[in-house]
2 protein chains.
Amino acid sequence: MTDVNRGSNPLFLRDEDLREGIEMLFFAYRDFTTKPDAILAEHGFGRAHHRVIYFVGRHPGIAVKELLAILKITKQSLARVLRRLVAKGFVEQRRGVEDGRHRLLFLTAAGAELEARLTADQRARIARAYREAGADAVAGYRRVLTGMVDDEGRARVGRPGRGP
Amino acid sequence: MTDVNRGSNPLFLRDEDLREGIEMLFFAYRDFTTKPDAILAEHGFGRAHHRVIYFVGRHPGIAVKELLAILKITKQSLARVLRRLVAKGFVEQRRGVEDGRHRLLFLTAAGAELEARLTADQRARIARAYREAGADAVAGYRRVLTGMVDDEGRARVGRPGRGP
DNA sequence: GATTTACGTCAGTCATATTGACGTATATGC
DNA sequence: GCATATACGTCAATATGACTGACGTAAATC
């Protein structure tokens with residue numbers, strides 16, 4: 001086991017500490033989705049639409065299969081969400097040039113605008129928390145959360161582009 | 001604005017940094033719920049049942065209204081979940097002594113056992129991430145996440161008992 | 001005694017997700 | 001070139017989770 005007691009104080013993990021960690025994650029996620037949910041409701045969209053818009057914006061030209069790997073849902077679930085986003089003109093599909101089987105996904109101008117609106121509150125929330133906590137705390141936040149996600153997801157965070 | 005640049009390095013927040021923060025939260029939450037979801041499926045339960053079991057275990061004797069305030073869902077949504085948990089013998093309702101209108105919620109022995117199973121993976125996950133990251137990082141994680149939740153939720157984290 | 005509070009419930013609706021099966025177009029390997 | 005694998009779409013059935021709106025009951029409070 002590496003890096004035990006690396007900090008200034010030894011790490012005694014009581015059940016109470018662990019539960020606090022669980023709850024903070026729950027509350028943060030809950031409050032993190034409140035504002036976007038309200039914006040999505042204007043269009044009759046749900047949280048799933050937000051996730052698709054976010055990751056398509058983050059990885060322009062992402063293929064359906066790669067998006068499925070990020071979201072970890074079935075293609076049937078994604079299809080229904082994607083269908084509406086395309087129908088309403090927020091997402092655009094283009095046939096892949098190198099591999100004609102791929103349907104590459106892009107945000108339209110309207111999609112990019114909606115993405116910005118949806119993410120604005122979340123970005124502001126993160127920025128505020130980061131500034132109030134300070135750079136050292138941000139580094140700690142990143143270290144802990146990175147340790148919490150599975151290897152596969154760890155590789156995916158903060159690496160924009162087409163994917164592997 | 002307080003506490004800006006409190007750490008060893010000044011805080012320049014690029015869009016990239018903020019998005020990374022958003023994504024880590026998404027992936028952590030996603031991976032955090034995978035294992036419990038599988039256990040819940042054995043009983044035909046969903047994530048909502050886990051949340052109720054967790055918070056009833058955390059606050060034995062909590063009233064329905066207080067639970068609704070934590071979960072931020074409608075009483076109709078809670079009722080359906082609670083009904084099944086009571087019917088299957090995981091949660092128990094007792095009429096309040098001081099105030100006869102309250103239905104106080106408790107886990108049964110089976111409920112406590114299920115709660116332990118459900119939370120085991122999450123606790124292990126947090127514990128591992130905490131140990132690998134070190135005490136300083138944990139303090140940072142807590143600082144940042146605390147800044148992210150709304151005031152109301154902030155007061156609720158890590159304060160077991162009956163509630164206000 | 002009237003009002004408020006806490007809780008339960010019926011009814012209808014919608015979004016998100018699942019499994020399973022089938023079809024089509026394209027790429028790849030022998 | 002043909003067989004197979006891959007990427008994607010779709011139809012169908014089903015379940016959970018959440019909502020709004022309305023109505024009822026019991027207990028506390030003013």
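The values are calculated or read from the model by the stated rules, or taken from the named source; none is laboratory data. All values derive from a computational prediction rather than experimental measurement. Neighbour counts run over all protein chains shown; Cβ positions are idealised from the backbone, glycine included. For accessibility, only protein heavy atoms count, side chains too; no ligands or nucleic acids. Shrake-Rupley method; radii C 1.70, N 1.55, O 1.52, S 1.80 Å.
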Inset, instruction - Please give the number of the condition residue A:38 fails out of (1) within 14 Å of another protein chain (Cβ to nearest Cβ); (2) within 12 Å of DNA strand D (Cβ to nearest atom); (3) surrounded by 12 or more Cβ atoms within 10 Å (Cβ to Cβ). - result: (3)
Inset, instruction - Return yes or no: is residue B:48 away from DNA strand C (no atom under 11 Å from the Cβ) and open to solvent by 20 Å² or more (accessible area, probe 1.4 Å)? - result: yes
Inset, instruction - Considering each residue of region A:116-138, count those that are within 7 Å of chain B (Cβ to nearest Cβ) and open to solvent by 50 Å² or more (accessible area, probe 1.4 Å), and give that number. - result: 5
Legend entry - Matching residues in region B:65-89 - criterion: being more than 14 Å from chain A (Cβ to nearest Cβ) and away from DNA strand C (no atom under 12 Å from the Cβ): B:88, B:89
Inset, instruction - Assess whether residue B:70 counts as being within 15 Å of DNA strand D (Cβ to nearest atom), buried (at least 21 other Cβ atoms within 10 Å of the Cβ) and within 30 Å of residue A:134 (Cβ to Cβ). - result: yes
Inset, instruction - Go through B:62, B:53 for me and flag whichever is of a type outside the set (S, T, N, Q) and within 10 Å of DNA strand C (Cβ to nearest atom). - result: B:62
Inset, instruction - Would you point out the residue of region B:74-90, among those that are more than 15 Å from residue B:56 (Cα to Cα) and not in a helix (DSSP H, G or I), that is most open to solvent (accessible area, probe 1.4 Å)? - result: B:88
Inset, instruction - Identify, from the list B:105, B:25, B:11, B:118, the residue that is modelled with pLDDT of 95 or more and either more than 10 Å from DNA strand D (Cβ to nearest atom) or assigned to a loop (DSSP other than H, G, I, E, B) (or both). - result: B:105
Legend entry - Qualifying positions in region A:36-72 - of a type in the set (Phe, Trp, Tyr), touching a residue at least 24 places away in the same chain (Cβ under 8 Å) and either within 18 Å of residue B:29 (Cα to Cα) or part of a helix (DSSP H, G or I) (or both): A:54
Legend entry - Pick from region B:91-115, criterion under 18 Å from the mean Cα position of the chain (by Cα), more than 11 Å from DNA strand C (Cβ to nearest atom) and away from every other protein chain (no Cβ under 14 Å), ranking: most open to solvent (accessible area, probe 1.4 Å): B:113
Inset, instruction - Return yes when residue A:61 is more than 14 Å from chain B (Cβ to nearest Cβ), open to solvent by less than 30 Å² (accessible area, probe 1.4 Å) and in contact with a Leu (Cβ under 7 Å, 6 or more places away or on another chain) and no when it is not. - result: yes
Legend entry - Meets criteria (out of contact with any Lys or Arg (no Cβ under 6 Å at 6 or more places or on another chain) and in contact (Cβ under 8 Å) with a residue 24 or more places away in the chain) for residue B:125: yes
